[in-house]
Amino acid sequence: MITLENITKRFGTKTILNGISASFDRGAIVCLVGPSGGGKTTLLRCLNGLESFDEGQLRIGETGLVPGGERHNRSALKTVRARVGFVFQQWHLFAHRTALGNVIEAPMYVQKIPVSVAISQAKALLSKVGMDEHIDKYPHELSGGQQQRVAIARALAMRPDVLLMDEPTSALDPERVQDVATLLRGLSQEGLTLVIVTHEMGFVRTLADVVCVLHGGNIVEKGSPAEVLSAPSDARTRAFLGMADQAPVDDLSEDRS
């Protein structure tokens with residue numbers, strides 16, 4: 001479903017992604033973890049073309065992106081962005097629209113779906129994420145966790161094959177983290193592929209099928225949560241997890257993760 005081949009990204013003279021290659025199956029839940037500055041969010045943004053890259057190729061299904069950004073990928077980017085949803089860390093809900101209004105916006109104006117159909121689909125999605133009693137509330141009337149659920153419903157309204165999420169538990173109380181994990185597991189069982197950047201290791205243990213540890217722009221370890229979090233083979237992973245034989249971990253002053 002997702003294939004990365006030698007993805008390299010530089011900001012000036014600094015290499016943020018250093019020849020990353022990996023593949024992820026349809027319906028997998030992939031968690032990207034690692035120290036700040038390792039390249040996690042940059043990789044996430046490359047997956048739907050929000051960031052261009054300098055070398056390599058990535059594929060979402062049958063659609064490929066190559067170096068060069070918009071100029072070299074105009075048609076492919078349109079296809080990829082229709083298939084890949086993104087839930088940002090800050091959600092970016094439209095403050096002047098209700099929960100329902102946020103979810104119907106893109107289907108109506110991008111996909112040209114009739115208003116009545118968009119509303120029916122949006123209500124079903126908001127019910128799926130546990131927000132059916134709050135459809136007429138504005139973002140400022142919702143808690144952080146509720147806003148996040150609206151953001152997930154909004155991304156799902158475009159019927160993506162892949163959902164990218166940046167720190168989805170950062171604004172949640174601990175008791176709500178399990179609720180989100182249950183929701184996302186249900187989505188993956190319906191065939192949705194999820195790629196998630198997170199620092200919450202309990203969330204990773206509960207949810208992930210595959211864990212990738214990024215350090216210095218490289219995937220230094222990849223495997224199941226049991227393999228990576230309980231018995232890591234790489235010293236940089238052990239250092240990140242705070243295990244006894246810590247090796248030095250570079251903490252970049254400018255977090256480009």
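The numbers here are math on the coordinates, done by the rules we state, and not lab data. These numbers were taken from a predicted model, which means no experiment stands behind them. Glycine also receives a Cβ, built like all others from the backbone with ideal geometry; neighbour counts cover every protein chain displayed.
In the chain, the DSSP-assigned H stretches of four residues or longer account for a calculated mean residue ellipticity at 222 nm of -10500 deg cm²/dmol, using -39500 (n - 2.57) per stretch and the full residue count as denominator. Overall dimensions of segment 1-136, expressed as equivalent-ellipsoid semi-axes from the Cα gyration tensor (√(5λ), whole Å, largest first), are 32, 17, 15. One chain, two ends: S75 and F11. Fully extended at 0.36 nm per residue, the span grows by 20.5 nm beyond their Cα-Cα distance. Normalised by the number of residues in segment 1-121, the mean separation of alpha-carbon contacts (under 8 Å, six or more apart) gives a relative contact order of 20 percent. To the nearest Å, what is the center-to-center distance of segment 77-112 and segment 120-165, using C-alpha atoms only? Computed from Cα coordinates, the inter-centre distance equals 10 Å.
The calculated P(r) of segment 64-201, using every Cα pair and 5 Å bins from 0, goes 2, 10, 19, 22, 21, 14, 8, 4, 1, 0 in percent. Which residues in segment 105-133 have a backbone N closer than 19 Å to a point placed 7 Å from the Cα of A82 along the Cα-to-Cβ line? Residues 105-115, 118 fall inside that zone. Note on K128: lysines with a C-alpha under 25 Å away, same-chain residues under 8 apart excluded, are K112, K137. Taken along the Cα-to-beta-carbon direction at a fixed 7 Å, the label points for A106 and S143 span 2.5 nm. Seen from V197, the other residues with C-beta closer than 9 Å to its C-beta sum to a net charge of -1, counting Lys and Arg as +1 and Asp and Glu as -1. Using 0.36 nm per residue and subtracting the Cα-Cα separation, the extra length available between S21 and E133 on full extension is 36.0 nm.
Counting only C-alpha contacts under 8 Å and six or more residues apart, can you give the relative contact order of the chain as a whole percent?
Details: 501 pairs, mean separation 68.7, N = 257.
The value is 27 percent.
What does the charge add up to near C212, with Lys and Arg as +1, Asp and Glu as -1, over the other residues with Cβ less than 13 Å from its Cβ?
Details: positive: K40, K222, R236; negative: D209, E221, E227, D234.
Cβ neighbours under 13 Å give a net charge of -1.
Once the Cβ-Cβ distance of L241 and S116 is raised to the sixth power relative to R0 = 35 Å, the FRET efficiency obtained is 0.10.
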